[in-house]
Amino acid sequence: MKKTVLKVNIHCQKCKKEVLKAVTKLTGINQVTIDGEKETLTVVGDVDPVLITEAVRKIGKVAEIVSVGPPKPPEPKSPVKNPLPPWCYDHCQLVPVSHAPYDSAPCSIL
């Protein structure tokens, strides 16, 4: 699997759609991203960079390969630890709790 970055003239939303539609027809693609500000197309997968360039040029866009290399490995997610409540040594008190059976009488809160 490799990461291919291409410089493509992308000026509007229509251009993005056309490029995405052309590139996603290729087989072996895992991920496609377009950065409109940098005018880059990033493709991750087992696909030949020349085929990607040809697909983009077929729709009338100028495409130039910027880089080809291995994709960045996903960052390991650190487990989220729930903070423990503060430990109390001498200040804890035992509180009794009881449950009364429910009968059909209306509820009143005093």
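So which trypsin sites (Lys or Arg not before Pro) in the range 1-34 end up in coil per DSSP with only 14 or fewer other C-beta atoms within 10 Å? Filter output for the range 1-34: LYS25. Around the amide H of ASP48, modelled in the peptide plane, lies no amide H under 5 Å away from a residue 5 or more places distant or on another chain.
Under 5 Å between amide hydrogens, built in the peptide plane, is the criterion, and for VAL66 it picks out VAL5, LEU6, LYS7 among residues at least 5 positions away or on other chains. Taking a straight Cα-Cα cut-off under 24 Å and skipping sequence neighbours fewer than 8 places away in the same chain, the lysines within cross-link reach of LYS77 are LYS2, LYS3. Working note: Karplus 6.51/-1.76/1.60 with θ = phi - 60° gives the range 66-78 the couplings 8, 7, 9, x, x, x, 5, x, x, 5, x, 7, 7 Hz, where Gly and Pro are set to x. In the range 21-84, one over the average inverse separation of all distinct C-alpha pairs is 13.9 Å, which is the Kirkwood hydrodynamic radius. A straight chain from GLU54 to LYS77 at 0.36 nm per residue would run longer than the Cα-Cα distance by 4.6 nm.
Rule-based calculations on the coordinates, nothing more; no lab input. Note that the structure is predicted; figures quoted are calculated from it, not measured. Virtual Cβ from ideal backbone geometry, glycine too; neighbours counted across all protein chains shown.
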